[in-house]
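The values are calculated or read from the model by the stated rules, or taken from the named source; none is laboratory data. Keep in mind that what you see is a predicted model, and the values were worked out from it rather than measured. Positions of Cβ are backbone-derived with ideal geometry, glycine not excepted, and every protein chain shown enters the neighbour counts. When the accessible area is computed, the model is the full protein with side chains, heavy atoms only, and any ligands, DNA or RNA have been set aside. Shrake-Rupley method; radii C 1.70, N 1.55, O 1.52, S 1.80 Å.
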Amino acid sequence: MVLGSVALVLGALMPWARLTVPVAGTLTRSGIDSGADAVFCIGVGVAACLVGLRTLLSGGPRPGSATERAVAGGVGVLGMACAVFALAAARHVEDRLGSLLDQIPDLARRFVTGEVGEGIWMVAAGGAVIALAALAQVLASAPGRG
């Protein structure tokens, strides 16, 4: 969960879109440039890191602790929300870059490139790792049956 939170926070700060124009150079837009989206991801990353560190430092999840399961489950849901959001954001960036490149004349289009930045993929991966780690923690702390 700690590794997923690091990926989530770093992904929010990394480029989410990159446009390369020969005369102007490479223009990037990071997640933090978009405002609330990246702040939400950073907040989820910090919460997941705290939950993960608490679990690591306390020697693992305590069996039968309903509060611990609820907190881990809540962080897992938020991590999955970040992953789904990142995939939707990647699609949105691709659409925006495509419409931007469609407005450039054919001759210039050969030299101009646009792509989704690695930050979006880091957010998606970090959110998925957080969700899977939270699921594992919830299952590990579930009370034994029968």
**OP:** Just one of (1) part of a strand (DSSP E or B); (2) touching a Ser or Thr at 6+ places or on another chain (Cβ under 9 Å) trips up ARG29, so point out which.
**Re:** (2)
Original post:
Is it fair to say THR20 is open to solvent by less than 70 Å² (accessible area, probe 1.4 Å) and in a strand (DSSP E or B)?
Top reply: yes
Original post:
of a type in the set (A, V, I, L, M, F, W, C), over 30 Å from LEU107 (Cα atoms) and at pLDDT 90 or above - does that describe any residue in the range 15-34?
Top reply: no
